[in-house]
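J.: Got a structure here, written out as structure tokens. Questions coming.
The values are calculated or read from the model by the stated rules, or taken from the named source; none is laboratory data. The shown structure was predicted, so the numbers you read here are calculated from the model rather than taken from an experiment. Here the Cβ is made from the backbone with ideal geometry for all residues, glycine too, and neighbour counts use every protein chain on show. When the accessible area is computed, the model is the full protein with side chains, heavy atoms only, and any ligands, DNA or RNA have been set aside. Shrake-Rupley method; radii C 1.70, N 1.55, O 1.52, S 1.80 Å.
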Amino acid sequence: MQVDARVLGVLLQLQQLDIEIHQLQKQLEELPQRKTILDTRAKKKQIEQKSEQISAMHATAEAQCTVLSDEDSALAAKQKRIQDEIDSVKGDYRSVESRTKELNGVAKRRAVLENEISAALDELSKIEAVQAQVAQALESLNAQEAKATEGFIAAGGKIKQTLAQKQALRNALVEELPEEVHKVYEKTAQRTGGVAVARIQESMCGACRRPIEQGRLVDLKRQGNLVTCPHCQRMLILA
Ligand SMILES: [Zn+2]
């Protein structure tokens, strides 16, 4: 097609701007803080899962301590009751003997329980030490994430601001293009993933660098100053 020379200028400006916008978007995606944030979140998730497992272990150990200490309290009460009975049946040798045996049995069980309670409490405090480590690790990861987020917002904010300016400029340029030229540009840019417009350079397409034979060039020139490269189908400026 034949377009105004001004339109060709706008088209080339638009292309340059799109390259810059693409670079800025890439910069935004590749900000190092983004990776730090994602890595930190993944680590936190792992630790949170571990923390849940440890909480379950803690609950089990705590329940075990309660069971043992409840049994011990019941036995202590039983001890006292038997002792009271022994005191009240003074003189009745057989009653005293059988109750004393019972008392010894209770004392033996309490001695075993004492060891079990002590072992259960040791287990509980080990679990609590791990819980404290996990809490500390989480706290440190939270601090890392917060710092990276702050950096991301600062660095990303600047890039986003520049991007917004370039987008506004882009919108203004697009306004200056005839609708059809704009349509073809967007379609070609999308297909090529970047460079949509090329200039002819010594009978070669400036983008795909392939020569266009003289006869073909003459045909293309007849179509106007803005044509399609027969090789790469980009927009080709002949002027
Ligand atoms: Zn080409």
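J.: Checking Gln49 against (1) polar (S, T, N, Q); (2) under 30 Å from Leu138 (Cα atoms); (3) surrounded by 11 or more Cβ atoms within 10 Å (Cβ to Cβ): exactly one of these is not met. Which one?
T.: (3)
J.: Moving on to the next point. (1) in a helix (DSSP H, G or I); (2) touching a helix residue (DSSP H, G or I) at 6+ places or on another chain (Cβ under 9 Å); (3) not β-branched (Val, Ile, Thr): which one isn't true of Lys90, the others all being true?
T.: Result: Lys90 fails condition (1) only.
J.: Moving on. Of everything in the range 194-239, what is out of contact with any strand residue (DSSP E or B) (no Cβ under 9 Å at 6 or more places or on another chain), open to solvent by less than 60 Å² (accessible area, probe 1.4 Å) and free of Cβ contacts under 8 Å to residues at least 24 places away in the same chain? Give them in sequence order.
T.: Across the range 194-239, the qualifying residue is only Gly215.
J.: Kindly provide the set of residues from the range 1-23 that are open to solvent by 30 Å² or more (accessible area, probe 1.4 Å) and not in a helix (DSSP H, G or I), ordered by number.
T.: The answer is Met1, Gln2, Asp4.
J.: Related question: Can Val106 be described as free of Cβ contacts under 8 Å to residues at least 40 places away in the same chain and open to solvent by less than 50 Å² (accessible area, probe 1.4 Å)?
T.: Yes; evaluated as a whole, the condition is true for this residue.
J.: Then there's this: From the set of residues in the range 121-159 that are free of Cβ contacts under 8 Å to residues at least 40 places away in the same chain and of a type in the set (Ser, Thr, Tyr), which is farthest from Leu68 (Cα to Cα)?
T.: Taking the candidates together, the pick is Ser140.
J.: Using beta carbons and a limit of 6 Å, which pairs, at least six apart or on different chains, have the first residue in the range 73-96 and among the basic types (Lys, Arg) and the second one open to solvent by less than 70 Å² (accessible area, probe 1.4 Å)?
T.: Lys78/Val106
J.: Follow-up. Restricting attention to the range 24-34, which residues are in a helix (DSSP H, G or I) and exposed (fewer than 12 other Cβ atoms within 10 Å of the Cβ)?
T.: Lys26, Glu29, Pro32
J.: Name the residue, out of Ala132, Ala154, Ala143, Ala148, that is part of a helix (DSSP H, G or I) and surrounded by 12 or more Cβ atoms within 10 Å (Cβ to Cβ).
T.: It is Ala148.
J.: I'd like to know if the range 191-203 contains one or more residues that are within 11 Å of the ligand (Cβ to nearest atom), assigned to a loop (DSSP other than H, G, I, E, B) and not aliphatic (A, V, I, L, M).
T.: Within the range 191-203, none of the residues are within 11 Å of the ligand (Cβ to nearest atom), assigned to a loop (DSSP other than H, G, I, E, B) and not aliphatic (A, V, I, L, M).
J.: Restricting to the range 27-63, what's the tally of residues that are small (Gly, Ala, Ser) and within 18 Å of the chain's Cα centre (by Cα)?
T.: 1
J.: Got a sec? Which of Lys147, Lys183, Lys166 is away from the ligand (no atom under 16 Å from the Cβ), over 30 Å from Thr40 (Cβ atoms) and not assigned by TED's automatic domain parsing to the domain that holds Glu20?
T.: Criteria check complete, one pass: Lys166.
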